[in-house]
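Scroll down for the structure; my scribbles are underneath it.
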Amino acid sequence: MGFAMVLPCNGVLVKLHDFDLSKEHGSASVAPHWTGTLPFMSIELLIHPGMEHKVGFDVEALIWTLLWIVRVYTDGQNTFKVKDHPLKNWFSNVDLAVIGNTKHHYLRGVEGFTNPSYSSLEGELRALVRKLYKMREAQQDTRFETNQPKLILEDVYGLEGLIRIEDWMRTTSPRWDVPRNTCPEPCGRHCSRN
Ligand SMILES: [Zn+2]
């Protein structure tokens, strides 16, 4: 994520940079390139590696990134060691399918998605998790009924699914698509610098 100062209104523009398959050079790590993003991979890609890419996998990755931040970070710092990391089963298990199932199970939870630092967002994160869980469960029902275990529904992981989540973010309360604290009027379109 990047932040750009908007001088005329004293606001901030938040930008998402997608480095996709980028890899750190000069690192002593011998891990394959995707290990760094393993916690944020879509459940479908973890359980069925090599599946045709869908835009919804990126949407889900954004949701996992958000769920990670509000559970792990405090004042911008992630200080957990792997041993006591609250989400270690999202990356430390070598079996991708097990990680996928662990993350699926995470979506079944009712509460506890935020740490004390982000507790004011708990209700909104619960609602987001529920939305994703219900969309995935509908897909799972269709897979069961049609006996197609790898079926990907367009209204879950295709463009239709992306639009469904966007619509939900625009219509739920509080809305997800506008800054919570905005730059001063008369602009009011950017994030507040405070
Ligand atoms: Zn502004």
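Where is the GNM fluctuation largest for the chain (alpha-carbon springs, 10 angstrom cutoff): 180, 126, 108?
180
Using a basic spin-label model with each label point 7 Å from the Cα along Cα→Cβ, how many nm lie between residue 122 and residue 185?
3.4 nm
Tell me, which cysteines of the chain are without a disulfide-compatible partner by the Cβ under 4.7 Å rule?
Lone cysteines by the Cβ rule: 191.
Dipole size in debye (nearest 20) for the stretch 39-171 around its Cα centre, Lys and Arg Cβ +1, Asp and Glu Cβ -1?
Charge dipole of the stretch 39-171: 400 debye, to the nearest 20.
Report the GluC sites (Glu not before Pro) located in the stretch 41-133 that are in a DSSP loop and have at most 12 other Cβ atoms inside 10 Å of their Cβ, or state none. Walk me through the numbers on the way to the answer.
Working: sites: 44, 52, 60, 111, 122, 124; in loops: 52, 111.
Of the GluC sites (Glu not before Pro), the ones in loops of the stretch 41-133 whose Cβ has at most 12 other Cβ atoms within 10 Å are 52, 111.
How big is the dipole moment of the stretch 60-119 about its Cα centre under a simple scheme where the beta carbon of each Lys and Arg is +1, that of each Asp and Glu is -1, and everything else is neutral? Debye, nearest 20, please.
Working: 6 positive and 5 negative charges, 26 e Å.
Dipole magnitude for the stretch 60-119 comes out near 120 debye.
Rank-order 81-92, 153-164 by packing density, defined as the average count of other C-beta atoms within 10 Å over each peptide's residues, highest first. Mind showing how you got there, number by number?
On the way: 81-92: 13.3, 153-164: 17.1.
Most protected by this proxy first, the peptides run 153-164, 81-92.
Kindly provide log₁₀ I(q)/I(0) values, in the same order as q = 0.16, 0.17 Å⁻¹, from the Debye equation applied to equal alpha-carbon scatterers of the chain.
Once normalised to I(0) and log-transformed, intensities are -1.22, -1.35.
Hey, what's the chain come to in accessible area per residue, 1.4 Å probe, Å²? Don't skip to the end; give the middle numbers.
Working: 12440 Å² over 194 residues.
Result: 64 Å² of accessible area for each residue.
For the chain, with all protein chains present and a 1.4 Å probe, just round the carbon and sulfur fraction of the accessible area to a whole percent.
On the chain, the fraction of accessible area on carbon and sulfur atoms equals 55 percent.
Name the lysines eligible as straight-distance cross-link partners of residue 15: C-alpha to C-alpha under 25 Å, and not fewer than 8 places from it in the same chain.
Partners found: 23, 54, 131.
Just want the answer: with Cβ charges of +1 for Lys and Arg and -1 for Asp and Glu, which residue in 181, 43, 61 is farthest toward the dipole's positive end in the stretch 39-194?
181
What spacing in nm lies between the two simple spin-label points modelled at residue 133 and residue 146, each 7 Å away from Cα in the Cβ direction?
If labels sit at residue 133 and residue 146, their model points lie 2.5 nm apart.
The values are calculated or read from the model by the stated rules, or taken from the named source; none is laboratory data. For clarity, every value in this text was computed on a predicted model and none was experimentally measured. FYI the Cβ positions are ideal-geometry reconstructions off the backbone, even for glycines, and counts take in every protein chain you see. Note: areas computed on protein heavy atoms with side chains; ligands, DNA, RNA excluded. Shrake-Rupley method; radii C 1.70, N 1.55, O 1.52, S 1.80 Å.
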